[in-house]
Amino acid sequence: MSKLKLSVAVGNYDRVRPLIDGAVRIDGVDPIFMNLPPEEIFFRAFRGQDFDICELSMSSFTVKTAQGNCPYIGVPAFLSRAFRHNSIYVRSDRIKSPEDLKGRRVGLPEYQLTACVWARIILKDEHGVMPSDPIWVRGGIEHPGRPEKIAIKLPAAVRMEDGPADATISELLERGDIDGFIAPRPPRFAGRRNPHIGWLFGDPVAAGRDYFRRTGIFPIMHIAGVRRELVEKHPWLPAAVLKAFEQSKAMCLAALEDTSATKVTLPFVEEQLRAAREFMGNDFWSYGLAANRNVLEAFLRHHHAEGLSSRLLAPEELFHPSTHESFTI
């Protein structure tokens, strides 16, 4: 029987490189890999279903799944995770604490962006800043204008306006037309020309470690997805995709452990890996439903409370049933 020739769109991460290089194979699949930035993958996936298997925004996927019209079925391979304390920039000449953001103008590229959802979770749960407190200004980070990739309807209390058609939110922050900035990428001019632009949390690493110590949450940004109509024809495919991503991540971590020659162009990588495991556990970047239930439930609860998902989803609803458990030997 011939293998399925499928397109696979993912970012250029060390944890997927064994798949891209062919060291790990997806059972039954002859893949065509495309390394693309997440913004392009997500836009094309949700607008045109351009890919058979791809990385997906956790938030956008949740919106569409709750609506019952998501073109992809989820696989609990969490290709991107990040503590988003380092995604909140402010005008430090005006904003001294998270509470100062109340009533202020805060730029973001899309309200429903996963990084922005997690940043609002931090602001709400940790500092009492509600989504209705700031005035949100939507715009591109590096290019003027940026629409929401999927339609959303915000609660009446949430104040949202589009930024000027000829300016980015990076420029608005630089000029002082907004007081804060939340995005997965930094402001284009952050700190290079203006000493009054900086992180809201002066030491975001310490803030992220404290957050994990208290909550056990390592935020999930992106999941993997398989085109729904493919899964209907080949129900074995989601489990095969999860198995391959798991094997690829394991191979990546084994390479990082090899102290004979550092695999990443940074000093102390092996020591950082050991420190991460000591602090967060051996499988700190875990895949699978069971190991991530706490993180998923927290995200889904806030996502629904913000009015982004039309109903409160259970974690099981995000992923194909064949990926809920895995075999053991």
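Max-minus-min Cα coordinates of segment 227-308 on each principal axis give 46, 35, 22 Å, with the largest extent listed first.
Size descriptors for segment 174-320 (Cα atoms only): Rg and Dmax, in that order, 19.5, 56 Å.
Could you compute Rg(Cα) / (2.2 N^0.38 Å) for segment 144-255, with N its residue count?
Numbers: Rg = 20.4 Å, N = 112, 2.2 N^0.38 = 13.2 Å.
Ratio of Rg to 2.2 N^0.38 Å for segment 144-255: 1.55.
Please list, by residue number, every one of the GluC sites (Glu not before Pro) in segment 283-329 that is coil in DSSP and has at most 15 other beta-carbon atoms within 10 Å. Before the final figure, lay out the partial values.
Numbers: sites: E297, E306, E316, E317, E325; in loops: E306, E325.
Within segment 283-329, the qualifying GluC sites (Glu not before Pro) (loop, at most 15 other Cβ atoms within 10 Å) are E325.
With the largest listed first and rounded to whole Å, the semi-axes of the equivalent ellipsoid of the chain from the Cα gyration tensor are 33, 24, 19.
Taking every DSSP helix (H) stretch of at least 4 residues in the chain, weighting each as -39,500 (n - 2.57) and dividing the sum by the residue count yields a mean residue ellipticity at 222 nm of -10000 deg cm²/dmol. A run of the chain free of exposed loop cleavage sites, with chymotrypsin sites (Phe, Trp or Tyr not before Pro) counted only in DSSP states other than H, G, I, E and B and at most 13 other beta carbons within 10 Å, reaches its longest extent at 1-235. Non-local lysine pairs in segment 67-225, meaning eight or more places apart or on different chains, with alpha-carbon distances under 23 Å, amount to 4.
Could you work out how far helix 237-257 tilts from the main Cα principal axis of the chain, as a 0 to 90 degree angle to the nearest 10? Tilt relative to the chain: about 70 degrees. Round to the nearest 10 and give me the degree value, 0 to 90, for the angle of helix 204-215's Cα axis relative to the longest principal axis of the chain. It works out to around 70 degrees. Put the Cα centre of segment 272-329 next to the Cα centre of segment 1-17 and the gap is 22 Å. If one takes the longest principal axis of the Cα atoms in the chain, at what angle in degrees, from 0 to 90 and to the nearest 10, does the Cα axis of helix 114-127 lie? Between the helix axis and the principal axis of the chain, the angle is about 60 degrees.
Relative to the compact-globule estimate of 2.2 N^0.38 Å, the Cα radius of gyration of segment 123-205 comes out at 1.16. Look at the alpha carbon pairs under 8 Å that are at least 6 residues apart: their mean separation over the length of the chain gives a relative contact order of 26 percent.
In Å², and per residue, what accessible area does segment 1-130 have when probed at 1.4 Å with the other protein chains present? Numbers along the way, then the final one.
On the way: 4530 Å² over 130 residues.
I get 35 Å² per residue for segment 1-130.
In segment 99-158, the convex hull through the Cα atoms has an average projected area of 4.3 nm², a quarter of its surface area.
The values are calculated or read from the model by the stated rules, or taken from the named source; none is laboratory data. Because the structure is predicted, anything quoted here is derived from the model rather than measured. When we count neighbours, we look across all protein chains shown, and the Cβ atoms used for this are built from the backbone with ideal geometry, even at glycine. Heads up: the accessible areas ignore ligands, DNA and RNA and are worked out on the full protein's heavy atoms, side chains in. Shrake-Rupley method; radii C 1.70, N 1.55, O 1.52, S 1.80 Å.
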